[in-house]
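Mind having a look at this structure? Questions to follow.
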Amino acid sequence: MRPLLEKKIPLALVFIIGIIMTLQYFVPHPISQTIYDNSLMWNRAIASMAYIMAVVSFLRFHSRRLKDKNYAPYSLVAILSFAAMALIGFIGGTGSDSLFQKMYNNMMVPLQATTFSLLAFYMSSAAYRAFRIRGVEATVLMITAFIIIFGTTTIGNYVPKMNEIVEWIMAVPNLASKRGIMIGVGLGVVATSIKIILGIERNWVGG
Amino acid sequence: MSVRDFFIKLSKIDRKYIYLVILIGLIIPLIFPPRFPQKMSPQVKRVFEYIDTLPKGSYVILSADYDPSVAPEVHPMYKAVVKHCILRGVIPIGMTLGVQGAGLALDAFTEAERVLEARRDTDYVFLGYQAGGAVVILGLGEDIKSVYKTDYFGTKTTDIYALKPVKNYRDIALVISFSGSALPATWAVYAYTKYGVKVAAAVTGVSAGDFYPYIQAGQFIGMLAGMKAAAEYEDAVNRILKEKGIGKFSTSAIRMMDANSIGQLLIILFIIIGNIGYFLSRRRK
């Protein structure tokens with residue numbers, strides 16, 4: 001019974017829906033449009049259900065960690081914070097003057113922004129130690145980096161045509177390399193999607 | 001100690017001194033703003049002029065697909081674009097594909113209410129968050145009111161005055177995705193390619209390079225990239241506020257960009273010093 005539920009039915013569903021949705025894209029008939037509209041609703045419903053799974057998973061994970069002395073304080077803070085924000089949101093609402101929004105603006109935003117801002121310090125230290133002119137390629141990389149770093153400062157506005165030079169570097173050499181990568185990734189996505197629909201790629205159901 | 005020894009020693013300096021110099025370099029311009037001049041870069045100009053020349057009563061979707069971690073860069077852009085739309089009589093429809101973006105977008109619209117006396121459901125609409133990502137983008141192309149049955153505040157979207165003439169992307173002049181991730185590309189792939197709606201991106205400086213292929217292909221009309229774009233847009237909106245005699249200027253992005261500029265110059269200086277030390281130590285060997 002387990003292989004049927006865990007492997008055969010999901011594989012069959014993906015095959016049938018994958019083929020139907022691929023054909024649907026090319027068929028402008030009203031029935032095809034109805035199938036498409038319904039699939040969008042189904043998708044949104046499934047995405048919303050994923051949040052319930054996420055909350056259950058979060059609570060289970062941290063409840064287990066409460067038994068571990070090393071992690072218990074952190075998990076307790078995580079569970080209490082979750083419960084507090086959820087309760088405040090349910091009771092007081094989430095409008096612009098609500099306590100929920102005030103806590104979000106004055107706790108969540110500064111905490112996350114500060115953590116991410118620490119990157120500036122790590123980057124400056126890493127650039128100081130690792131950015132060395134060791135060959136021709138490294139020299140080209142460094143000159144380009146200097147132009148981009150300087151050109152993306154407001155002080156760069158004092159240098160004529162600086163914005164245009166930065167724009168050219170981003171829109172020509174940078175774009176060429178990015179496009180090459182994107183075409184490769186795109187082809188990979190198409191190939192993997194076909195393999196999943198046809199049941200050749202089965203890692204997502206445990207191999 | 002010779003100059004050579006000094007530079008070699010400097011190139012091996014403890015990282016905490018580098019952190020300290022960066023910290024001072026960032027704090028001083030925040031306390032004493034140098035007010036460097038703003039000059040609109042080509043991509044920012046394209047987005048600004050596009051919104052500036054839209055007919056009054058046009059609709060623009062502003063999707064706050066970012067979270068607080070990138071808020072210092074992206075949030076001032078969102079606030080400036082919201083104000084720009086309202087000042088030009090364009091109706092911004094706020095929404096988000098990421099749950100954390102709702103609070104930030106709400107903050108931007110609250111500021112617009114305070115500064116411009118904008119009225120909810122008349123001068124702007126805020127739909128809030130909807131789960132589903134790409135599916136939501138596709139759904140909006142069919143019927144916005146079926147994807148969002150109610151707005152963020154619980155009002156039925158069918159009852160919102162400003163949304164009466166809006167059905168789907170055919171009624172939308174532009175979509176801007178504000179993000180620190182790859183979500184603007186998702187908008188280009190699904191909203192532009194399938195439904196033909198104009199799309200622009202507002203992203204962090206580090207991720208800007210990833211989106212140039214979409215600009216060159218015409219899938220984005222323009223892009224706001226990083227703190228610099230935020231400062232340039234904020235400055236342009238301040239000029240409109242000045243023209244209209246509204247004195248409530250916002251300078252948060254401009255001040256942060258001045259500090260950011262000093263920080264970036266310090267990084268260039270560090271790289272030069274590090275390389276001088278590297279060369280001198282190599283010659284010694």
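Rule-based calculations on the coordinates, nothing more; no lab input. Because the structure is predicted, anything quoted here is derived from the model rather than measured. Virtual Cβ from ideal backbone geometry, glycine too; neighbours counted across all protein chains shown.
If amide H atoms are built 1.01 Å from N in the plane of the peptide, which residues on other chains or at least 5 residues away come under 5 Å of the amide H of B:SER58?
HN-HN under 5 Å from B:SER58: B:ILE91.
Looking only at the protein assembly as shown, where both bridge partners belong to it, what percent of the DSSP beta bridges are antiparallel (to the nearest 5)?
Among the beta bridges of the protein assembly as shown, antiparallel pairing accounts for roughly 5 percent.
In Å and on Cα atoms, what radius of gyration and Dmax does segment A:36-85 show?
15.7, 51
Hey, what did chain B get for relative contact order, percent, Cα under 8 Å, at least 6 apart? Write down the numbers at each step before the final one.
Numbers: 472 pairs, mean separation 75.2, N = 285.
Rounded, it is 26 percent for chain B.
Now for a different question. Membrane-span-like helices in chain A: DSSP H runs reaching 15 Å or more (Cα, own axis), mean Kyte hydropathy at least -0.5?
Helices passing the filter in chain A: A:9-26, A:30-65, A:72-92, A:109-130, A:136-151, A:175-197.
From the cross-link list B:LYS167/B:LYS194; A:LYS161/B:LYS83; B:LYS45/B:LYS244, which pairs have alpha carbons spaced over 19 Å apart?
Going by Cα-Cα distance, A:LYS161/B:LYS83; B:LYS45/B:LYS244 fall outside the 19 Å limit.
Averaged across A:140-152, how many Cβ atoms of other chains sit within 10 Å of each residue's Cβ atom? Walk me through the intermediate numbers first.
Working: counts 0, 0, 3, 0, 0, 3, 4, 0, 4, 7, 4, 3, 12.
The per-residue average across the peptide is 3.
With a cut-off of 8 Å between alpha carbons and a minimum separation of six or more residues, what is the relative contact order of chain A in percent?
22
Whole angstrom only: what separates the Cα centroid of segment B:34-103 from the Cα centroid of segment A:167-186?
If we compute the Cα centre of each part, the gap is 26 Å.
Stretched out fully, how many nm does the piece from B:LEU269 to B:ILE24 gain, at 0.36 nm a residue minus the Cα gap? Display every interim value, and only then the final one.
Values: separation 245, 0.36 × 245 = 88.20 nm, distance 1.46 nm.
Additional length available on full extension: 86.7 nm.
First measure r as the distance between the Cβ atoms of B:SER2 and A:ARG132, then evaluate 1/(1 + (r/R0)^6) with R0 = 25 Å and state the FRET efficiency to the nearest 0.05.
Values: r = 22 Å, r/R0 = 0.86.
E between B:SER2 and A:ARG132, to the nearest 0.05, is 0.70.
Quick one: what are the phi-derived ³J(HN,Hα) couplings along segment B:75-83, Karplus 6.51/-1.76/1.60 with θ = phi - 60°, whole Hz, x for glycine and proline?
Running phi through 6.51 cos²θ - 1.76 cosθ + 1.60 with θ = phi - 60° gives 4, x, 5, 4, 4, 5, 5, 4, 5 Hz.
Working from Cα positions, state the angle (0 to 90°, nearest 10) between the long axis of helix B:42-52 and the longest principal axis of chain B.
Between helix and principal axis, roughly 20 degrees.
Ok, one more. Provide the descending list of Cα extents for segment A:1-58 along its principal axes, expressed in whole angstroms.
43, 27, 13
Based on Cβ point charges of +1 for Lys and Arg and -1 for Asp and Glu, what charge dipole magnitude is obtained for the protein assembly as shown about its Cα centre, in debye rounded to the nearest 20?
Roughly 1540 debye, rounded to the nearest 20.
Treating chain A as a set of equal point scatterers at the Cα positions, no solvent, please give the Debye-formula log₁₀ I(q)/I(0) at q = 0.11, 0.12, 0.18 Å⁻¹.
-1.14, -1.19, -1.18
Provide B:ASP235, B:ASP258, A:ASP97, B:ASP123 in ascending order of the number of other Cβ atoms located within 10 Å of each residue's Cβ, fewest first.
With the fewest neighbours first, B:ASP235, B:ASP258, A:ASP97, B:ASP123 line up as A:ASP97, B:ASP123, B:ASP235, B:ASP258.
Let me ask another. Antiparallel versus total DSSP beta bridges in chain B: what percent is that, nearest 5?
5
Percent of alpha carbon pairs in segment A:66-117 separated by more than 17 Å?
On the way: 652 of 1326 pairs.
Summing the P(r) tail past 17 Å for segment A:66-117 gives 49 percent.
Another question, then. Kirkwood Rh and Cα-based Rg: tell me the resulting Rg over Rh for segment A:129-197, rounded to two decimals.
Taking Rg over the Kirkwood Rh, I get 1.20.
Using Cα atoms only, what is the angle between the long axis of helix B:226-243 and the major principal axis of chain B, expressed in degrees (0 to 90) to the nearest 10?
Between the helix axis and the principal axis of chain B, the angle is about 60 degrees.
What Kirkwood hydrodynamic radius, in Å, does the protein assembly as shown give when the mean of 1/r is taken over all pairs of distinct Cα atoms and then inverted?
25.3
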